[in-house]
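Please treat every number below as a calculation from the coordinates, not as lab data. This structure is a prediction, so every number in the text was calculated from the model and none was measured. Here the Cβ is made from the backbone with ideal geometry for all residues, glycine too, and neighbour counts use every protein chain on show.
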């Protein structure tokens with residue numbers, strides 16, 4: 001049994017590397033594949049071993065999925081807001097440091113989350129019944145606050161929010177899209193930024209591994225604390241995802257610089273995944289594909305299983321931290337060895353090909369439309385965070401109407 005668990009952890013880490021590094025190959029997709037082969041898997045091992053594999057995969061993914069968003073500009077769900085600050089540091093020769101900041105946030109939230117896990121469980125039992133009927137109104141107030149803070153650009157911000165939101169509504173109500181998030185988020189955040197860099201004839205300078213980390217201890221504490229707090233909210237409130245949580249956290253902590261922001265976003269994804277284990281234990285509800293797979297395999301998550309999953313998460317998080325830093329150095333060395341425009345064209349082609357493979361010409365239409373909205377935001381000088389309306393507006397309407 002112990003050997004089976006160790007092997008499951010190893011296999012989960014290897015799978016998490018693949019899902020983390022390849023845009024569009026998400027944990028949810030692997031979870032569906034696992035469930036489709038569950039009859040065979042259960043004939044050779046136990047449900048708890050398969051569940052350990054899924055948890056290991058999901059935790060590893062949260063440590064590595066910042067690499068394609070920072071180095072390639074192809075964000076996974078939850079990493080959209082990382083693209084711009086990550087690219088700024090990349091063009092300063094600090095792309096590797098940008099990855100380190102996300103790892104600091106992820107590992108910090110993992111450790112803090114495990115320490116505070118009893119508090120999360122007790123709070124969840126109390127808070128969830130109170131707020132579950134008000135999610136749409138809470139999100140509406142958050143967006144009104146955010147747009148209101150954008151002085152001098154409120155109308156532009158509102159228009160971009162609504163444009164992105166309407167596109168999101170259309171995409172999520174189109175039944176023939178198998179991976180709707182990929183062209184939507186890639187267009188709004190990745191494709192548009194990469195096209196802008198081509199027009200501006202951007203080049204990636206040699207990455208300097210000797211540059212010291214510039215994030216202060218104070219900002220680490222602020223980013224990890226805020227990420228853990230909003231990650232808690234994101235994990236047990238349906239429709240309140242990592243990206244929405246990042247927007248809220250940014251307004252809570254104030255200016256923490258690009259370094260602190262990267263730590264914040266990296267931490268939220270890990271905190272969200274960790275605390276979703278608590279939702280499975282306390283509420284018997286799944287908030288992501290990984291936990292859906294775990295609950296389907298096991299029926300329910302008891303106290304012993306929860307403790308095992310937390311232990312696995314801690315071990316996997318430590319290994320994934322080291323892997324993320326080592327793989328980042330490989331990425332950083334590779335980026336400067338070939339022409340940046342060639343890399344950019346290659347990434348654009350790769351995103352286009354993946355979109356076509358997932359959803360054909362319909363996916364390409366979504367990609368082009370989303371890219372156009374992303375370019376409009378850049379032209380108007382409106383913050384990319386307002387483009388998260390593509391996810392937030394559909395959620396608001398779902399809960400309010």
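Over all Cα atoms in region 2-400, the spread is summed up by Rg and Dmax: 20.0, 63 Å.
Over region 242-401, the Kirkwood radius and the radius of gyration, each from Cα atoms, give a ratio Rg/Rh of 1.01.
Note on 386, 61, 96, 4: ascending count of other Cβ atoms within 10 Å places them as 4, 96, 386, 61, the fewest first. Considering only 89, 380, 262, give the residue with the highest GNM mean-square fluctuation for the chain, with springs between Cα atoms whenever their separation is below 10 Å. Answer for the Gaussian network model of the chain: 380. Quick check: from the Cα gyration tensor, does region 88-224 come out rounded (a/c under 1.5), prolate or oblate? Judged from the Cα gyration tensor, region 88-224 comes out oblate (a/c at least 1.5, b/c at or above a/b). Relative contact order of region 2-400: 31 percent, from C-alpha pairs under 8 Å at least 6 residues apart in sequence. Each helix, a run of at least 4 DSSP H residues, gives -39500 (n - 2.57); summed and divided by the residues of the chain, these come to -25000 deg cm²/dmol at 222 nm. Put simply, when 206-216, 345-355 are sorted by average Cβ atoms within 10 angstrom per residue, most first, you get 345-355, 206-216. For the chain, modelled as a GNM whose springs connect Cα atoms under 10 angstrom apart, the maximal fluctuation among 268, 277, 22 occurs at 22. Dividing the radius of gyration of the alpha carbons in region 286-333 by their Kirkwood radius gives 1.18 for Rg/Rh.
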